[in-house]
1. For the pair N167 and E55, how long in nm is the line joining their label points, each one 7 Å along Cα→Cβ?
2. Pick from Q151, Q52, Q187: which is most flexible by mean-square fluctuation in a GNM of the chain where alpha carbon atoms under 10 Å apart are linked?
3. Using the crude model of +1 on Lys and Arg Cβ and -1 on Asp and Glu Cβ, and no other charge, please compute the dipole size for the chain relative to its Cα centre, in debye to 20.
4. Stretch D20-T181 to full length: gain in nm at 0.36 nm per residue minus the Cα-Cα span?
5. Step through the table entries K84/K195; K119/K184; K46/K112; K46/K118; K6/K118; K6/K195, compare each Cα-Cα distance with 32 Å, and write down the pairs that go over it.
6. Would you mind checking the radius of gyration and Dmax of segment 1-52 based on alpha-carbon positions, in Å?
7. Can you tell me the orientation of helix 151-163 relative to the chain, as the angle in degrees between its alpha-carbon axis and the longest Cα principal axis, to the nearest 10?
8. Just to verify a number: FRET efficiency for Q32 and L66, C-beta to C-beta distance, R0 = 30 Å, to 0.05?
Amino acid sequence: MIYFLKGAVAQVLDGSVIVDINGVGWQVFMAQSAIGKLPHNGEDVKLYTHLQLKEDGVSLFGFLDLQEKQLFEMLIGVTGVGAKAALSILSVLSPTQLIIAILSDDVLSLCKAPGVGKKTAQRVSLELRDRLKSKETERAISPQQSIGVNQEQRQDAIDALIALGYNRTESVNAVMETALTDMKAEQIIRLALRKLSAR
């Protein structure tokens with residue numbers, strides 16, 4: 001298992017990068033959004049990797065952070081979603097946007113990814129929603145964010161915002177941006193409403 005690669009950026013291609021590690025060029029496939037954040041040729045880069053073994057060959061996929069890698073691995077675990085579709089989704093949605101889209105069942109946002117149709121987007125949302133809601137998974141995927149703490153309080157806040165007339169996507173978004181550890185639902189609602197009214 002190759003956990004990460006560290007070497008110099010030798011060449012950026014369409015959909016992949018060549019990383020020079022002690023004179024050996026490793027081709028690593030990446031999301032377009034991540035490729036845009038790579039350092040210049042000749043500069044060092046560290047990529048977390050996922051190795052895929054298939055009948056037609058071996059492919060290496062790279063990510064600038066662990067959160068993106070973990071989301072990629074969750075996506076390819078969804079029925080009918082391959083590595084190409086997973087990278088396509090990560091090219092148009094940041095990890096936070098992807099989590100929000102899944103939790104709020106925002107199929108339209110998932111469909112923005114080239115090659116991802118409505119049925120595939122619905123499957124992604126359906127199969128990953130419960131996994132993202134589990135405290136253990138959320139803590140592993142996003143240790144810097146507040147998704148995995150006090151889930152019941154946040155869910156109550158989301159339900160309250162929806163009852164007040166806000167749609168699910170903006171309700172989830174506002175709660176994720178404002179909820180902190182140990183906050184009660186009432187506090188979350190107050191802060192979320194302040195954020196929503198400021199938009």
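1. For the pair N167/E55, the computed spacing is 4.3 nm.
2. Q52
3. Dipole magnitude for the chain comes out near 380 debye.
4. On the way: separation 161, 0.36 × 161 = 57.96 nm, distance 4.24 nm.
That works out to 53.7 nm of additional length.
5. Violating the 32 Å Cα-Cα cut-off are K84/K195; K119/K184; K46/K118; K6/K118; K6/K195.
6. For segment 1-52, the Cα-based Rg and Dmax read 10.0, 27 Å.
7. 60
8. Numbers: r = 20 Å, r/R0 = 0.65.
After rounding to 0.05, the efficiency reads 0.95.
Only the coordinates and a few stated rules stand behind these numbers; no lab work does. It should be emphasised that the depicted structure is a prediction, and the values quoted were computed from it without experimental measurement. All Cβ positions, glycine included, derive from the backbone under ideal geometry; neighbour counts span all protein chains shown.
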